[in-house]
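Step one of this worksheet: look at the structure below.
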Amino acid sequence: MVEWTDFERATIQDIFSKIDYDVVGPAALSRCLIVYPWTQRYFSKFGNLYNAASIMGNAMVAKHGTIILHGLDRGVKNMDNMKEIYAELSVLHSDKLHVDPDNFKLISDCLTIVIAAQFGKAFTGEVQAAFQKFMAVVVSSMGRQYH
Amino acid sequence: MSLTEKDKAAVKAIWSKISKSGDAIGAEALGRMLTVYPQTKTYFSHWSDLSPNSTPVKNHGKTVMGGVALAVAKIDDITNGLTALSEQHAFQLRVDPANFKILSHCILVVIASMFPKDFTPEAHVSLDKFFCCVSLALAEKYR
């Protein structure tokens, strides 16, 4: 069971209440596809991913970015139960989507960068630590059902 | 994943914008690293004060960014350009190379928070590759 301090709980709720899922989701996913281009292997049906500009303008990427953020929302609302909350999604990513779980860390890092860019000075070291701890639990939960 | 001419140009371009703030970036990144990855504190047990804005942290952040500046200057041959630093890290400091990735990540987070408009995805990918090359160069002499 993950132990969360009051500061960590408050920080996670605060961050997610202040971000626009329709902006941050697409920004994080498109950044991931640009910075780590091998992740594009999972999106061959998404059309034009030829360069950074097309990725950032791609409607399917944007839509999927938003879906991912809403997936994170499940963890935000159930911080004491994340293993169970993500079990189904983990099975999906393993058995149906065949996503290498190392990729979860890559998109997590891109999301951290996007959040840092939005919050600036407010994204202190302590806030970053709480956010990365939350994402580490998400990443671990998402990799748990792989077999 | 070696640096293309496009990567080198992108790194030089963003470096020209951020280098004036080099000391602040280094201090912030190092302080952040010690907070977010407490295991890294094990390398600094000889410091009196490990808190983010302390003198040892600020001074050392400056030192680290000096190394980054050197790597930018030697971007056409980072491995050879950083030989002395690699030997220092390999034989004296003996920092586990896994930590280079950790500090690189913290530097990128600080750049994103201080220069959000300049740290575009294109700049990000080139800088990420650059820091990978720097990390590899630093580990070159380890074994």
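The values are calculated or read from the model by the stated rules, or taken from the named source; none is laboratory data. All figures in this text were calculated on a predicted structure; none of them were measured in a lab. Counting neighbours? That spans all protein chains shown, and the Cβs are built from the backbone with ideal geometry, glycine included. Calculation scope for accessible area: heavy atoms of the full protein, side chains included, ligands and nucleic acids excluded. Shrake-Rupley method; radii C 1.70, N 1.55, O 1.52, S 1.80 Å.
In Å², nearest 100, what accessible area do chains A and B bury in total when the solvent probe is 1.4 Å?
In total, this chain pair buries about 1700 Å².
By the rule of a C-alpha distance below 12 Å, with chain neighbours fewer than 8 residues away ignored, the aspartates and glutamates paired with residue A:121 are B:28.
Among the chymotrypsin sites (Phe, Trp or Tyr not before Pro) in region A:1-109, which ones are in a DSSP loop with at most 15 other Cβ atoms within 10 Å of the Cβ? Mind listing them?
Working: sites: A:4, A:7, A:16, A:21, A:38, A:42, A:43, A:46, A:50, A:86, A:104; in loops: A:4, A:50, A:86.
Qualifying residues, ordered by number: A:50.
Evaluate the protein assembly as shown: find the radius of gyration of its Cα atoms, find its Kirkwood radius, and give the ratio Rg to Rh.
Details: Rg = 19.3 Å, Rh = 20.0 Å.
Looking at the protein assembly as shown, the ratio lands at 0.96.
Legend: residues A:66, B:42, B:35, sorted from most to least accessible area (1.4 Å probe; ligands, DNA and RNA excluded), read B:42, B:35, A:66.
Find the eigenvalues of the gyration tensor of the Cα atoms of region A:89-147, then list the square roots of 5 times those eigenvalues as equivalent ellipsoid semi-axes, largest first, in whole angstrom.
On the way: eigenvalues 144, 24, 9 Å².
Three semi-axes, in Å: 27, 11, 7.
Within the listed set A:97, A:69, A:89, the residue fluctuating most in the Gaussian network model of chain A (springs between alpha-carbon atoms under 10 angstrom) is A:97. Computed from the C-beta positions of residue B:24 and residue A:83 and an R0 of 51 Å, the FRET efficiency is 0.80 to the nearest 0.05.
Of all complete DSSP H helices in chain A, those with a Cα span along the helix axis of 15 Å or greater and a mean Kyte-Doolittle hydropathy of 0.0 or more are A:21-35, A:59-77, A:102-119, A:125-143.
Rolling a 1.4 Å sphere over the protein heavy atoms, what is the accessible area per residue of the protein assembly as shown, to the nearest Å²? The partial results should precede the final answer.
Numbers: 14810 Å² over 290 residues.
Here the residues of the protein assembly as shown average 51 Å² of exposed surface.
Overall dimensions of chain B, expressed as equivalent-ellipsoid semi-axes from the Cα gyration tensor (√(5λ), whole Å, largest first), are 23, 19, 12.
Taking each of A:96/B:101; B:41/B:129; A:133/B:17 in turn, the alpha-carbon distance tops 29 angstrom for A:96/B:101; A:133/B:17.
With the full set of protein chains in place, find how many percent of the accessible area of chain A is carbon and sulfur; take the probe as 1.4 Å. Present the calculation step by step, with values, prior to reporting the outcome.
On the way: 4300 of 7490 Å².
Here it works out to 57 percent.
Taking the convex hull of the alpha carbon positions in chain A and averaging its projected area over all directions gives 8.5 nm². When cysteine pairs in the protein assembly as shown are screened for C-beta atoms closer than 4.7 angstrom, the residues that find no partner are B:106, B:132, B:133.
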